[in-house]
1. For the chain, what is the per residue volume of the convex hull drawn over the alpha-carbon atoms, in cubic angstrom?
2. Where does helix 61-75 land angle-wise versus the long Cα axis of the chain, in degrees 0 to 90, nearest 10?
3. Could you tally the net charge around Arg276, taking each other residue with its Cβ under 15 Å from the Cβ of Arg276, Lys/Arg +1 and Asp/Glu -1?
4. Please give every one of the lysines within straight-line cross-link reach of Lys184, meaning a C-alpha to C-alpha distance under 17 Å, and leave out same-chain neighbours fewer than 8 residues apart.
5. How much net charge surrounds Gln192 when only other residues with a Cβ under 9 Å from its Cβ are counted (Lys, Arg +1; Asp, Glu -1)?
6. Compare Ser100, Ser174, Ser209 in a GNM of the chain, Cα atoms joined below 10 Å, and give the one with the largest fluctuation.
7. Give me the net charge for the shell around Glu95: Cβ to Cβ below 10 angstrom, other residues only, Lys and Arg +1, Asp and Glu -1.
8. So what's the Cα pair-distance distribution over region 7-57, bin width 10 Å, in %?
Amino acid sequence: MSGEKPTVSETLHEGVRLSFTADEVLHDEATGHHRLVLIRNRLFGKVLVLDGAVQVTSADEFMYHEMMAHVPLAAHPDPRDVLIIGGGDCGLAEEALKHSRVASLTQIEIDRSVVEFSRRHFAEFNAPVFDDSRFTVEIADGAAFAAGTSRKFDVVLVDSTDPTGPGAALFTRSFYGDLRRILKPGGIAVTQNGVPFLQRREFVAGFGSLASVFPVATCFLVSVPTYFGGHMTLGWAAQEDDLLKVEKDRLQARMAGIETRYYTPAHHLAAFALPRFIEDVVAEARA
């Protein structure tokens, strides 16, 4: 029908297709690594689509970014040196830098144009990052960086795309082995492990590799409207399990002065309680 607004669609798994009405197309280009499209949607605000998959929206980015950042950083007793692999929209860096205990944050992003683009178009949540002297961004392949660096980190956050294209290397046993090597004693790695209801095969493969490398491997949950299909899982990997047992009062003290819209210390602890069907998928991945 004439006058209908265009849509941007992503094909999910098992024949599911999700569409966003484009009230306005703000940007559309092919970079060296991605097809990058930005639209404005009435409910989700600015919607960034890379290679046909929605990556972030200005309306609900805080849900994912707060949980990926604050759960490990509040649990760790001294998260001085933090590494982010991926995360080109810099929303995760913005949340991590809210912690005054973080002394340095290094971000490794494969595509410079995504960082530059996000700096222009998502300043409402990432502007503080670029004025923070603790923040450094390096344009490099995340898997190659982890394999080659001699640096050590207290917390590593892997804010990756799904396990296709350039992101596939960030779900392998060799990559997770490199994460274990570059973590300091007592360190934590958190990974993006998708939506098990729609991505069971991918979850079993990725989480199974993670669990084969780290003595302690589990996942915690976040619900983000953009990431259709139910609970999203974030993988948790460490050498010991003591940081899974931090008391709520201690979490509250470490989060003092940090404003959040999703994360709370109580929800931090509850997020590790998995529904039975996700417990079953985790058990399958460990087998």
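Throughout, read-outs are computed from the coordinates displayed, never taken from laboratory work. Because the structure is predicted, anything quoted here is derived from the model rather than measured. Cβ sites come from the backbone with ideal geometry, for glycine too, and all protein chains shown count toward neighbours.
1. Numbers: hull volume 35.7 nm³, N = 287.
Looking at the chain, the number lands at 124 Å³ per residue.
2. 10
3. Spelling it out: positives minus negatives among the neighbours equals -2.
4. Lys152
5. Taking every other residue near Gln192 into account, the sum is -2.
6. Ser100
7. Taking every Cβ under 10 Å from that of Glu95, the sum is -2.
8. 27, 55, 18, 0
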